[in-house]
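Take a look at the structure below.
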Amino acid sequence: MRIFLLWIAVCASLQLVAQEKFPDGTPVPEWFKNNEQVKVATLGKPYRLTDYGVINDSTVLQTEKIQEVIDLAASNGGGVLVVPSGTFLSGSLFFKPGTHLHIEANGVLKGSDDISHFPVVLTRMEGQTLKYFAALVNADGLDGFTISGAGTINGNGLRYWKSFWLRREVNPGCTNMDEQRPRLVYLSNCKNVQLEGVRLMNSPFWTTHLYKCEHVKLLNLHISSPKAPVKAPSTDAIDLDACRNILIKNCYMSVNDDAVALKGGKGPWADRDSNNGANENIIIEDCQYGFCHSALTFGSESIHSRNIIFRRGKLDQARNLLWLKMRPDTPQIYEYVLVEDMQGNANNCLLIKPWTQFFDMKDRKTIPPSSSRHVTMRNIQLECEVFFNVEKSNQYRLTDFVFENMQIQAKDGKVDKSIINPFTIKNVTVNDQKLKP
């Protein structure tokens, strides 16, 4: 018996040693490994839109009727709003406790291109808590909410995009929010959420925005917006805003802005505002990236991101693999970041520069301190224009970076090691020349 107990203890010890860890050394919970599909049949009664007077017509606005179905499901203890084959036009929808969204193959939930169909609510936008337009699909404070199916949520953004660029012609200094437009999906204060399988396309503004959510899985999503013939401005695929324990897996992202952007707040005193917060324990893996400004961006509205794993991705036409935006007007900490097993092409492998668009020091007299530390990039094969596009600045400190097992082809392959201290380079080849450690 003693030998058996000793054997059990040894096995447990080996399992503990083998357990995957976040970059700061804390164990990755088993939750990240369990990626079962949503079992729609277990979520309650299905409420099929066409059974409740909602018609298949892409030109008839049916927001009120669709919301009535959601409210009916909630009043009966919960259930699943089912979008069948066909196209159903709507403004903002608000999901209630116990309700879910399932879009069948060839089913389309289409957003209105009239901003008046999206009410102004207290919400979150560009690192601020303020009144702005609700999204097409909204959920706040829900536990266990799901979006699933093989269908599509289409933001119908063309009219918004054209209006944005027209406004920019008249006023080149107008901000993203000056042109009034909704997001596609906005989830706030939610937990135990799963979004899977659906196509999210043509968002007027950010596509999927999570604010103060935790334990959320985004699986097998196809997220897209065009860069031509009309650019779809600021249509980030996924924005994580003060979130914890997030898994993004097996997704395709091609949008006219960042694929995954880490938010959390902005401004000279942003770290003192309880509406803001850190992103922590984020895993982004096994995804493909088409055209985008960056596959992964920290900022620009971000105060703290920690324990970020970004791995096993393929890039084609991305401008940047990893982009750290450093705002002069915001205290920022980006730390314990692992980028590994990436391949493809991008304009920049690593981009770090001050981000000064629309910044405002307000009443702060000195630039708040910022830093990026404990960043590892390894097992990377990339063709790029610039390998190390990093600007030296008194605004921030860069420490404890590691480049390891990298094979890079670049028009500009220079690396200025003096910008980062300490900076470890192991087995890095640029244009078939091995870099000195």
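Read the figures in this text as sums done on the coordinates, not as results from a lab. The structure displayed is predicted, hence computed values, not measured ones. Please note: Cβ atoms are built from the backbone with ideal geometry, for glycine as well, and neighbour counts cover all protein chains shown.
From the residues LEU166, THR207, LEU247, which one has its Cα farthest along the dipole of the range 109-248 in the positive direction, the dipole being from +1 and -1 charges on Cβ of Lys/Arg and Asp/Glu about the Cα centre? Going by the charge dipole, the pick is LEU166. Working value for the range 40-257: equivalent-ellipsoid semi-axes of 26, 19, 16 Å, each the square root of 5 times a Cα gyration tensor eigenvalue, largest first. Rounded to the nearest 20, the size of the Cβ-charge dipole of the chain about its Cα centre is 700 debye, with Lys and Arg at +1 and Asp and Glu at -1. In percent, rounded to a whole number, the relative contact order of the chain is 8, using alpha-carbon pairs under 8 Å and six or more apart. By the rule of a C-alpha distance below 23 Å, with chain neighbours fewer than 8 residues away ignored, the lysines paired with LYS436 are LYS392, LYS411, LYS414, LYS417, LYS426. Simple point charges give the picture: +1 on the Cβ of Lys and Arg, -1 on the Cβ of Asp and Glu, and for the range 40-257 a dipole about the Cα centre of about 300 debye. Annotation: aspartates and glutamates with alpha-carbon distance below 12 angstrom to LYS191 (same-chain offsets under eight excluded): ASP140, ASP143, GLU214. The residue among ASN35, CYS292, ASN421 whose Cα reaches farthest toward the positive pole of the charge dipole of the chain, with charges on the beta-carbon of Lys, Arg, Asp and Glu, is ASN421. For the chain, the antiparallel share of DSSP beta bridges with both residues in that region comes to about 5%. Determine the distance separating the Cα centre of the range 365-382 from the Cα centre of the range 282-359; give it in Å without decimals. One Cα centre to the other: 10 Å. In this structure, the residue pairs whose Cα-Cα separation is over 18 Å, taken from LYS266/LYS365; LYS263/LYS325; LYS65/LYS212; LYS266/LYS362; LYS33/LYS249; LYS227/LYS325, are LYS65/LYS212; LYS227/LYS325. For the range 312-437, a simple Cβ point-charge model (Lys and Arg +1, Asp and Glu -1, everything else neutral) yields a dipole of about 300 debye relative to the Cα centre.
For the range 375-437, trypsin sites (Lys or Arg not before Pro) meeting the loop criterion (DSSP other than H, G, I, E, B) and having at most 14 other Cβ atoms within 10 Å: LYS392, LYS414. The residue list ILE153, THR235, PRO46 was ranked by how far each Cα lies along the charge dipole of the range 40-257 toward its positive end, using unit charges on Cβ atoms, and THR235 comes out on top. Distant-in-sequence amide contacts of THR99, defined by a placed amide H-H separation under 5 Å and a gap of 5 or more residues or a different chain, comprise GLY79. Just so you know, the averaged projected area of the alpha carbon convex hull for the range 266-437 sits at 9.5 nm². Across the range 108-198, Cα pairs under 8 Å and at least six residues apart give a relative contact order of 42 percent. Here the Kirkwood formula puts the hydrodynamic radius of the chain at 22.7 Å, using every distinct Cα pair.
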